[in-house]
Amino acid sequence: MEGHIIDTNRNNFFMLYADCIPVKGYTRTMICDTANGELFFVDNTYYDLILELRELTIGEVAAMLGEDDLPEFATFLEQMTAGDLGTFVEDPGLFPPIAEEWDSPFRITDAIIDIRDKQHDYNGLFDQLNALLCPYVQIRSYAEQSPEALNAILSAYDKLSEFRHIEIVLKYPEDFDENGYRNILSDYRMVSLTFYASKNDREIAHHRMSFIKQTFSSCEQCGIINKKSMSLPGLSSFMEHKNHNSCLNRKISIDESGRIKNCPSMKKDYGDADNVPLAEVLKDRAFTGLWDIRKDQIKVCKDCEFRYICSDCRAYVEDPSDIYSKPLKCSYDPYTGQWEETMHEHQKAIL
Amino acid sequence: MSIKLQKFEIEKKKLESLPLFYNYILYNDFPEADAGVEECVSFNEKLNCYQDHTPPEKIISKFIDFSKD
Ligand code: SF4
Ligand code: SF4
């Protein structure tokens, strides 16, 4: 019975759908179903099998396998089709793979602006980011910001609605003015507010306001990579992760003192945002070079099955003298396939 | 080329992109949107199209530790 699926498809080919992409790691293979947002983990021998199945018919592959492997082969085919990961075809030439490319019309796709005491030239920054077609901005405040203070930042620029989304991460204030923040959200439809160090126990229902207990005091807390920080990107983001640096690609940042950087945690800066146009910085190969550090080039990560969905960190790496070393705050070991629940001391030290 | 297959086992995971409220959030039931969908759409004259004001798919920075309770 178990050979039935083999017999009936002997002259066919089995193909994974083009948007179900196998990624081979050291211990196992992950099949990333980018259309349905699902991940499947299988033994690496099935990665080799998937490659063979691109070239050979089911019958040819069955002939290549040992007798005792045929039940596993049949189970594989049954589960792959049941999981809607692939199908049988007569001519695989009619189903070319998806081009592994990524591009974007936006010169900058996301920006971080850190604030503490210094007031930036918000009108100038928003205007420059908008000119670079940047759709997403994250403002991270290490201090409380009253609704009036937020309004002063946001009202500085009259074309704010040309941004797709502006996330403001800010400290939960002692005297939380719910109505004031609600007014901000009604006046600025592209804004969401995330309050950290929240102590509030009242119920607030607004889909663009969220509250977390965790406390932040500086950009040094960025770069956390664990099981729960993984996100499953769609096909476009998957290709961006594969071809570019998944955190820094097309990113520009202003740190709390107004210096232009790839991200606020990076040591190197490219001048003061009050004096240096952001577009000038984008001409600097040293700045844009980091955009192209791919996971396949990074030590340890290159052997990790999560490498094309993991968003990386280049600011905090295990060996600061080696820009190609593994993110310091990653809790996964691809050589054992285990996530660490607790961080190592050296990882904690900088949090 | 010859392949020796291991026993076939498949593990399926669905990554959950839950809103922040679900991750060690103090309160905030997932509320009915108190603003209609249109409220979060606007016309972008420069790009000459309507755009949704939705968060990015890509994580901009990673300083929320989702593993903490
Ligand atoms: S490179 Fe690291 S520290 Fe910088 S934004 Fe990305 S995750 Fe955060
Ligand atoms: S080893 Fe690298 S690719 Fe894998 S989860 Fe950690 S940081 Fe991401």
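The values are calculated or read from the model by the stated rules, or taken from the named source; none is laboratory data. From a predicted model like this one, the values you see are computed outputs, not experimental measurements. Every residue, glycine among them, receives a Cβ derived from its backbone with ideal geometry; neighbour counts consider all protein chains shown. Calculation scope for accessible area: heavy atoms of the full protein, side chains included, ligands and nucleic acids excluded. Shrake-Rupley method; radii C 1.70, N 1.55, O 1.52, S 1.80 Å.
I need the phi-derived Karplus couplings for region A:224-233: 6.51 cos²θ - 1.76 cosθ + 1.60, θ = phi - 60°, integer Hz, Gly and Pro marked x.
Residue by residue, region A:224-233 yields 7, 10, 9, 3, 7, 8, 6, 10, 9, x Hz.
What does the accessible area of residue B:11 come to, in Å² to the nearest 10, when a probe of 1.4 Å is used?
80
Show the residues, 5+ positions off or on another chain, whose built amide H is closer than 5 Å to the amide H of residue A:86.
Correct list: A:17.
Give the Rg/Rh ratio for region A:1-52, taking Rg as the radius of gyration of the Cα atoms and Rh as the Kirkwood radius, to two decimals.
Taking Rg over the Kirkwood Rh, I get 1.03.
From Cα coordinates alone, what are the radius of gyration and Dmax values for region A:2-94 in angstrom?
12.6, 35
Where the convex hull is taken over the Cα atoms of region A:214-351, what is its projected area averaged over directions, in nm²?
9.0
Assuming R0 = 22 Å, can you tell me the calculated FRET efficiency for the pair residue A:55 and residue B:9, based on Cβ-Cβ distance, to the nearest 0.05?
Between residue A:55 and residue B:9 the formula returns 0.30.
Take region A:23-63, compute every pairwise Cα distance, and split them into 10 Å bins from 0; I just need the percent in each bin.
Whole-percent P(r) values from 0 Å outward: 28, 42, 29, 1.
Within a 10 angstrom radius of each residue's Cβ in A:226-232, how many Cβ atoms of other chains show up on average? Whole number is fine. Could you put the intermediate results ahead of the total?
Numbers: counts 5, 4, 9, 7, 5, 6, 6.
If you average over the peptide's residues, the count of other-chain Cβ atoms is 6.
Within the protein assembly as shown, what percent of beta bridges assigned by DSSP are antiparallel, to the nearest 5?
50
Shielding by partners for A:206-219, please: the mean number of other protein chain Cβ atoms within 10 Å of each residue's Cβ.
Counting other chains' Cβ atoms within 10 Å and averaging over A:206-219 gives 5.
Can you list residues from other chains, or at least 5 along the same chain, whose modelled amide H is less than 5 Å from the amide H of residue A:139?
Placed amide hydrogens put A:113, A:167, A:168, A:169 under 5 Å from residue A:139.
Using only Cα atoms and rounding to the nearest 10 degrees, what angle (0 to 90) does helix A:44-55 make with the longest principal axis of chain A?
That works out to roughly 70 degrees.
Considering region A:143-215, what Rg and Dmax in Å follow from its alpha-carbon atoms?
Rg, Dmax (Cα atoms, Å): 11.9, 36.
Starting from the eigenvalues of the Cα gyration tensor, five times each then square-rooted, give me the equivalent ellipsoid semi-axes of region A:89-199, largest first, whole Å.
37, 18, 13
Looking at region A:186-337, what % of its DSSP beta bridges pair antiparallel, to the nearest 5?
50
Whole number please: convex hull volume per residue of the Cα set in region A:167-254, in Å³?
157
Taking the Cα atoms of region A:263-330 alone, what are Rg (to one decimal) and Dmax (as a whole number) in Å?
Answer for region A:263-330, Rg first and Dmax second: 13.8, 43 Å.
Per-residue ellipticity at 222 nm for the protein assembly as shown, helices alone: DSSP H runs ≥ 4 residues times -39500 (n - 2.57), over residue total, nearest 500 deg cm²/dmol?
Here the helix-only value at 222 nm equals -5500 deg cm²/dmol.
Residue A:23: accessible area at probe 1.4 Å, nearest 10 Å²?
0
Can you give the translational diffusion coefficient of region A:229-276 in µm²/s, computed by Stokes-Einstein from the Kirkwood radius over Cα pairs at 37 °C and 0.692 mPa s?
For the chosen part, D equals 269 µm²/s.
Quick check: with the 1.4 Å probe, what order do A:250, A:140 take by accessible area, largest first?
On the way: A:250 40, A:140 5 Å².
Output order, biggest surface exposure first: A:250, A:140.
How much of the accessible area of the protein assembly as shown, probe 1.4 Å, is carbon plus sulfur, in whole percent?
Result for the protein assembly as shown: 48 percent of the exposed heavy-atom area is carbon or sulfur.
Just the number, please: Stokes-Einstein D of the protein assembly as shown in µm²/s, Kirkwood Rh from C-alpha pairs, 4 °C, 1.567 mPa s.
Once the numbers are plugged in, D ends up at 55 µm²/s.
Give the B-A buried accessible area in Å², both sides summed, 1.4 Å probe, nearest 100.
Between B and A, the summed buried area is about 6400 Å².
Summing Lys, Arg as +1 and Asp, Glu as -1, what charge do residues with Cβ under 12 Å from the Cβ of residue A:236 carry, residue A:236 excluded?
Working: positive: A:242, B:58; negative: A:19, A:100, A:101, A:103, A:240, B:57.
Taking every other residue near residue A:236 into account, the sum is -4.
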